[in-house]
């Protein structure tokens, strides 16, 4: 139950997509006027500049912070009752991993760097679509006169510097420091956030089990999953159900 709520938070960002699609396409003249503006504010290679090196350092700092967090906080987020956490108050992931896997931090660092390298390469290929979408967004937000004024400003030394660095400012050490500090605080708040999500949906009926489905519904579900209907069955009750 708790795990389902935490996983459902991942999809919240997708809610903005229908709104954007419903706004309609901007006219061609404004798109043309927006393109040089986006060329300045989001030049080719922006994602690589943002992610290559800077993101790796940020992830390292976040990992260091999480390794030092009391293991009781992780257990609490996982639904372990308060009375069972007292003995864990002084323990940290760093202390435990030093015994179980002395190379854990190095393993995570190497793995994260490898993943980040692949992510940078992937974003290189994805960036043109983002630039096109950003061009349409600017064309929708600003009229031709405003886009011309932006282009004029970006043609000045100060405007050119601002345009080139505006996206990179989000990776500035000052901002990264605050974002890193947010992670432990967010993890502390996670049980409270999960409880509020559960309270908000408590009057809804629970999700149906496979056994509750009609033969037709079971067949449709099997087709969507690409399996035979005969293999569908209800999963065993999760162990954290008893902690609700």
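The values are calculated or read from the model by the stated rules, or taken from the named source; none is laboratory data. Since the model is a prediction, treat every value here as computed from it, not as a measurement. Counting neighbours? That spans all protein chains shown, and the Cβs are built from the backbone with ideal geometry, glycine included.
Numbers at a glance
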{"quantity": "Filter result for residue 139 (at pLDDT 80 or above, surrounded by 15 or more Cβ atoms within 10 Å (Cβ to Cβ), assigned by TED's automatic domain parsing to the domain that holds residue 45 and part of a helix (DSSP H, G or I))", "calculated": "yes"}
{"quantity": "Identity of the residue in segment 194-206, touching a helix residue (DSSP H, G or I) at 6+ places or on another chain (Cβ under 8 Å) and at pLDDT 85 or above, that ends up surrounded by the fewest Cβ atoms within 10 Å (Cβ to Cβ)", "calculated": "198"}
{"quantity": "Segment 147-158 - residue that is out of contact with any helix residue (DSSP H, G or I) (no Cβ under 8 Å at 6 or more places or on another chain) and surrounded by 12 or more Cβ atoms within 10 Å (Cβ to Cβ) and, of those, nearest to residue 32 (Cα to Cα)", "calculated": "149"}
{"quantity": "Residue match in segment 35-49 (condition: assigned to a helix (DSSP H, G or I) and at pLDDT below 75)", "calculated": "no"}
{"quantity": "Of residues in segment 162-176 being in contact (Cβ under 8 Å) with a residue 40 or more places away in the chain and surrounded by 12 or more Cβ atoms within 10 Å (Cβ to Cβ), the one farthest from residue 150 (Cα to Cα)", "calculated": "176"}
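Residues are listed down the side, and each one gets a yes or a no for (1) at pLDDT 85 or above; (2) surrounded by fewer than 12 Cβ atoms within 10 Å (Cβ to Cβ); (3) assigned to a loop (DSSP other than H, G, I, E, B); (4) out of contact with any helix residue (DSSP H, G or I) (no Cβ under 8 Å at 6 or more places or on another chain):
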| position | (1), (2), (3), (4) |
| --- | --- |
| 160 | yes, no, no, no |
| 222 | yes, no, no, no |
| 233 | no, yes, yes, no |
| 236 | no, yes, yes, yes |
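Results for (1) touching a helix residue (DSSP H, G or I) at 6+ places or on another chain (Cβ under 7 Å); (2) touching a residue at least 24 places away in the same chain (Cβ under 8 Å); (3) surrounded by 14 or more Cβ atoms within 10 Å (Cβ to Cβ); (4) closer than 25 Å to residue 39 by Cα, shown as yes or no for each residue.
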{"residue": "99", "(1), (2), (3), (4)": "no, no, no, no"}
{"residue": "104", "(1), (2), (3), (4)": "yes, no, yes, no"}
{"residue": "119", "(1), (2), (3), (4)": "yes, yes, yes, yes"}
{"residue": "126", "(1), (2), (3), (4)": "no, yes, no, yes"}
{"residue": "134", "(1), (2), (3), (4)": "yes, yes, yes, yes"}
{"residue": "145", "(1), (2), (3), (4)": "no, no, no, yes"}
